[in-house]
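Below you'll find the structure, written out as structure tokens, and then a few comments.
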Amino acid sequence: MYKRQDAAAWKEGELKEVQGLINRGCFTIVDRPANCKPLPTTMVYKYKYSKDNDVTVRKCRLCVRGDLQREGVDYFKYKTYSAVLNARENRVLCSLAASMGWSVHQTEITQAFTYGELDPDVEIYCYIPDGFPVTSGDKVLKLERSVYGLKQAPAAFKDKLTSFLKSKNFTVVNDSGTVWMLSQGSSLL
């Protein structure tokens, strides 16, 4: 099936992605409901490189084909927008960090979009991709959590992140809600 020399490493990445989605409870295997139009899925492959330009990770991401979602059925247009840090805000933060002698760190959230919660009024189904435990019969996956590719995934993740930051007493700094701060005594995060 796989003919590349690094096929085993890619297969390992696929299994890791699928197992992560199963562990996060992103899907439930169900009988296909009547009049259900399941969305197809696709696996997206990407190399991650070290600073020496060596391949360190073969990253696989299972994506639902959100381009085939139907407005008013699978998503609501007003629930898809999610602001992101723009270039000007990023430059301001970097300038502040340089002038104030602040340390700058970044992090990665593994399978970040899966933390987003789907609108309970919308049921979304997708076909079972390779690598999932399959039972016999006409089965599909019912999405329980937001996943990559859904039109509402960025907004669902941002809602979850915003709730988390508020629960930890962070204060929003800008109108778009992309810059937050936490002040404790003379410390600022």
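The values are calculated or read from the model by the stated rules, or taken from the named source; none is laboratory data. These numbers come from a predicted model, not from an experiment. In this analysis, Cβ positions are derived from the backbone assuming ideal geometry, glycine residues included, and neighbour counts consider all displayed protein chains. For the accessible areas, the whole protein counts, side chains as well, though only heavy atoms, and no ligand, DNA or RNA atoms are used. Shrake-Rupley method; radii C 1.70, N 1.55, O 1.52, S 1.80 Å.
Here are the numbers:
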read-out: Residue list for the range 101-126, filter: among the hydroxyl-bearing types (Ser, Thr, Tyr) and outside any loop (DSSP other than H, G, I, E, B); value: THR114, TYR115, TYR125
read-out: Answer from THR56, THR107, THR80 - the residue that is in contact (Cβ under 8 Å) with a residue 24 or more places away in the chain, of a type in the set (Val, Ile, Thr) and over 20 Å from CYS36 (Cβ atoms); value: THR80
read-out: The range 146-173, subset open to solvent by 30 Å² or more (accessible area, probe 1.4 Å) and assigned to a loop (DSSP other than H, G, I, E, B), residue nearest to TYR75 (Cα to Cα); value: LYS151
read-out: Filter result (farther than 23 Å from ARG58 by Cα, open to solvent by 40 Å² or more (accessible area, probe 1.4 Å) and modelled with pLDDT of 90 or more) within the range 35-48; value: LYS37
read-out: Residue ranges of strands (runs of 3 or more DSSP E) in the range 2-100 with at least 3 members farther than 27 Å from ASP138 by Cβ; value: 41-49, 55-64
